[in-house]
Amino acid sequence: MNIIDNISADTIMVGDQILIDGDPIEVKSLGTSGDYDEVIVRGYSHETGDTAEYSLYADDFFDVWAV
């Protein structure tokens with residue numbers, strides 16, 4: 001796995017591969033909680049092999065990875 005970029009949560013798109021707390025996630029859907037500074041990320045976790053959901057602060061930064 002190679003880290004190729006670092007992006008803020010509010011720029012994450014479906015299809016991105018990001019690291020969240022060391023968990024490599026392939027983003028499958030994005031949502032909001034009604035709070036403008038929160039992004040809800042759902043995707044496939046390569047750590048657990050299952051679906052994961054994370055609530056992220058929009059201004060936090062996350063690494064983008066690729067194989």
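Read-outs throughout are calculated quantities, based only on the coordinates presented, and are distinct from any laboratory measurement. Predicted model only: the values in this text are computed from it and were never measured. Here the Cβ is made from the backbone with ideal geometry for all residues, glycine too, and neighbour counts use every protein chain on show.
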**Request:** Treat each spin label as a single point 7 Å out from the Cα along the C-beta direction, and report the Thr11 to Ser29 distance in nm.
**Result:** 2.6
**Label of the coordinate-derived value, Cα extents along the principal axes in Å, listed as [x] 81, 25, 7; [y] 64, 27, 18; [z] 33, 24, 18** = [z]
**Request:** Figure the gain on full extension for Glu47 and Ala66 (residue separation times 0.36 nm, minus the Cα-Cα span) and round it to one decimal in nm.
**Result:** 5.4 nm
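Would you order Met1, Met13 from fewest to most other beta-carbon atoms within 10 Å of each residue's own beta-carbon?
Numbers: Met1 11, Met13 8.
The most exposed by this proxy come first: Met13, Met1.
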